[in-house]
1. Quick one: is B:Met116 buried (at least 18 other Cβ atoms within 10 Å of the Cβ), under 17 Å from B:Thr251 (Cβ atoms) and either of a type in the set (D, E, K, R) or more than 17 Å from the chain's Cα centre (by Cα) (or both)?
2. Given the conditions (1) more than 14 Å from chain A (Cβ to nearest Cβ); (2) part of a helix (DSSP H, G or I); (3) without any contact (Cβ under 8 Å) to a residue 40 or more places away in the chain; (4) among the β-branched types (Val, Ile, Thr), which single one is not true for B:Thr150?
3. Test of understanding: among B:Ala167, B:Ala148, which residue is within 23 Å of B:His311 (Cβ to Cβ) and small (Gly, Ala, Ser)?
4. Looking only at region A:265-278, decide whether some residue is closer than 30 Å to A:Cys97 by Cβ and within 14 Å of another protein chain (Cβ to nearest Cβ).
5. Residues A:Pro201, A:Pro137: which one is touching a residue at least 24 places away in the same chain (Cβ under 8 Å), over 18 Å from the mean Cα position of the chain (by Cα) and more than 21 Å from B:Gly326 (Cβ to Cβ)?
6. Being open to solvent by 30 Å² or more (accessible area, probe 1.4 Å) and under 29 Å from B:Arg390 (Cα atoms) is the filter here, so list the residues in region B:306-333 that pass it.
7. Give region B:317-333 a look and list any residue that's free of Cβ contacts under 8 Å to residues at least 60 places away in the same chain, in a helix (DSSP H, G or I) and more than 7 Å from chain A (Cβ to nearest Cβ), or say none.
8. For B:Lys217, state whether it is of a type in the set (Lys, Arg), under 30 Å from A:Tyr261 (Cα atoms), open to solvent by 20 Å² or more (accessible area, probe 1.4 Å) and in the same structural domain as B:Met147 (by TED's automatic domain parsing).
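The values are calculated or read from the model by the stated rules, or taken from the named source; none is laboratory data. In this text, all values refer to a predicted model and were calculated from it rather than measured experimentally. A quick note on method: Cβ atoms are made from the backbone with ideal geometry, for glycine too, and the neighbour counts reach across all protein chains shown. These accessible areas exclude ligands, DNA and RNA; they are computed on the full protein's heavy atoms, side chains included. Shrake-Rupley method; radii C 1.70, N 1.55, O 1.52, S 1.80 Å.
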2 protein chains.
Amino acid sequence: MASTDDGFRPLDEKSLIEYIKATPSLASKLGNHLDDLQIKEVGDGNLNFVYIVVGKSGSFVIKQALPYIRCIGESWPMTKERAYFEATALKQHGHLCPDHVPEVYHFDRAMCVIGMHYLEPPHIILRKGLIAGIEYPLLAEHISEYMARTLFFTSLLHHTTTEHKRAVSEFCGNMELCRHTAQVVFSDPYKVSQYNHWTSPYLDRDAEAVREDNALKLEVAELKSMFGERAQALIHGDLHTGSVMVTHDSTQVIDPEFAYYGPMGFDIGAFLGNLILAFFAQDGHANQGNDRKTYKDWILRTIEDTWNLFHKKFTALWDENRDGSGEAYLPAIYNNPELQLLVKQKFMKDLFHDTLGFGAAKMIRRIVGVAHVEDFESITDAGIRADCERQALNFAKVLLKKRREFQAINEVVSAIQKLQS
Amino acid sequence: MASTDDGFRPLDEKSLIEYIKATPSLASKLGNHLDDLQIKEVGDGNLNFVYIVVGKSGSFVIKQALPYIRCIGESWPMTKERAYFEATALKQHGHLCPDHVPEVYHFDRAMCVIGMHYLEPPHIILRKGLIAGIEYPLLAEHISEYMARTLFFTSLLHHTTTEHKRAVSEFCGNMELCRHTAQVVFSDPYKVSQYNHWTSPYLDRDAEAVREDNALKLEVAELKSMFGERAQALIHGDLHTGSVMVTHDSTQVIDPEFAYYGPMGFDIGAFLGNLILAFFAQDGHANQGNDRKTYKDWILRTIEDTWNLFHKKFTALWDENRDGSGEAYLPAIYNNPELQLLVKQKFMKDLFHDTLGFGAAKMIRRIVGVAHVEDFESITDAGIRADCERQALNFAKVLLKKRREFQAINEVVSAIQKLQS
């Protein structure tokens, strides 16, 4: 396996062992016992190679980015520099929220290799848990904590202008991944595009209707501009339920390779939008033994709790830090209680509407765009799958177009319930 | 005059001659005739030193940035790196709109020296022309051309995501000047601040009212966030009437040292807001020979024409380039006439409201903030000056708070006229 000029070579299970031996920060994590290592390639995502490395005295995960998108192949190139932004975001978000971000042990920029904490079983990808119908009682509490802390502390509510511009500038370097997101989320679903697909022929007319919906495209343009222009906070950039690993009492956010300074609502919306997709997929997973009714109620409760807890935690951080370094709302100007309240209400209302808009856009692209979600894909009966998807798609269209009419998350949940009654 | 470690030394009229002799790109502009040069320091701005250099066979202007704000002194440091961003913006805007931006002949990053085209007499600073009551029949035509071209071609209407992020990243380096603007425009006027001043005691209560106006401060917070987060286009960053030089048939935009990727409305608003200030100052310049009534009508007409011509030119550029490289509105999605119209209407309406908000904020800061405008300062009778300023301030407050109620620029002009009747 020849290395390229820039010192990059793709690893395999064999060369990985040599790599670990030559890397003290990794070898030491295994207590320098490098015999009988168990190495397993587990990358089930769309983009990268992921190896679990387990020795007698320790373990870690090795993630390597290759210069293309794994699930499509070399025909869709994508910079391996994304590993640098992933490692940087993991470290920065991990510093702000260590309970919910795996620790980075090692980063090799030339090799695009990240060594990080292995999230042991029973950790599974949240999306798989949602398909299996498993409740995670602490999920809303944990993910709201992660979002509140990472978004608050990387915004101008905490940053000075100077810090903010410096950080924004660095993450502008992740432009290729931003461009990819802009394309697959805000463009491809709204036009004829090579990689788009859907449950055909059932949804042919639905996909066409998306491409012909002027009101929808007008709103999507606004969200796309916000995505391209607004450096509000260091967002994860891909915070769907496949980027979260869970157990009954642990919630860990992984895979921030799309991280950049963008609108906060893009992260919150990604998470909530994917929970809504999970909700609409449940009827496809129901069987005689389990009608999933109780589980659907739990998903709706989790949607409601996630936003409400986020709201509570984020505004609490704002209160705690209102005499801090953040330059958005200087205490000398905004120090009266009435104005504090007004300012927060306005900020959170705008963020709520951004969240609904981005969440809806993320739902639509998973039904008629290039990359679908296992929640629906695992429903084998295409007719049933299409019915679930159509419900989700129709709800997402309403949510995107009418998002400013929703005043609180319980109204969104009520609107979902109404569709099902 | 010792040079510092980084190769920087402040020039004076004597050392400038040596500098020119050692710099072929400058010497050649004088036809290499370096005897009998006439050198005059004319920096009447707040920040820099500016020399006019005239020889027998040519001329240019030399501008040098010093590491502090000239009008305040070394007690208010400001990075001399601003010269780099000024030179870069002059070149980029000049490339897009050569008719209205002086050509850059020379840039020396270490010395923070820009050599550029000398705008010969009868060019004067527009603000001085407005105080003198001189009409410029082509002003609206020219400045709208400048704004339309510079803003359109540096936005995602023309840029790919990749180009845009790269450009945004570079101008994030101008963070110190962004921070200065954020402070003096969006913060200082709304709190007690060392350098704030106003026509006292006449406006004491008015200045206090600004600091106590919760509704105003709520709106200013939104504009400040937009200024700090939204990388919409490469804006001039300080486009008031002191940054424009004019003759009867020439309009030249200078001094873009505050340039960065920010909201388009900040530039358009700066220009229109300063025209409105000029309007309200006219009563202070009226005398028995000239009641300035006709001139006030011309200013109002120019305000109206500037926006309307900008609107026309900007949307025309959009039409001409709709199959171009810009990634905001892909032709495959937005190619039907009805949607084209909807998208443009929404964009221009939002931009109009941003413009009014930023324009109003720029007016307020010139009356109760640190840096005032000669339009008012040159009115010697403090009582008359205060009356003019109060009218402008009150109008600005309404404009900022009620900006979304204005549908077109003629409604803004009518509101101004109503105040005077």
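1. Values: buried (at least 18 other Cβ atoms within 10 Å of the Cβ): yes; under 17 Å from B:Thr251 (Cβ atoms): yes; either of a type in the set (D, E, K, R) or more than 17 Å from the chain's Cα centre (by Cα) (or both): yes.
Yes: the conditions hold for B:Met116.
2. (3)
3. Details: B:Ala167 fails: within 23 Å of B:His311 (Cβ to Cβ).
Only one candidate qualifies: B:Ala148.
4. yes
5. Answer to the check: A:Pro137.
6. Scanning region B:306-333 gives a single hit, B:Asn308.
7. To start, the set of residues in region B:317-333 that are free of Cβ contacts under 8 Å to residues at least 60 places away in the same chain comprises B:319-320, B:322-323, B:330-333.
In the following step, the residues that additionally are in a helix (DSSP H, G or I) were identified as B:319-320, B:331-333.
Answer for region B:317-333, where residues must be free of Cβ contacts under 8 Å to residues at least 60 places away in the same chain, in a helix (DSSP H, G or I) and more than 7 Å from chain A (Cβ to nearest Cβ): B:Asp319, B:Glu320, B:Pro331.
8. On the way: of a type in the set (Lys, Arg): yes; under 30 Å from A:Tyr261 (Cα atoms): yes; open to solvent by 20 Å² or more (accessible area, probe 1.4 Å): no; in the same structural domain as B:Met147 (by TED's automatic domain parsing): yes.
No: the conditions fail for B:Lys217.
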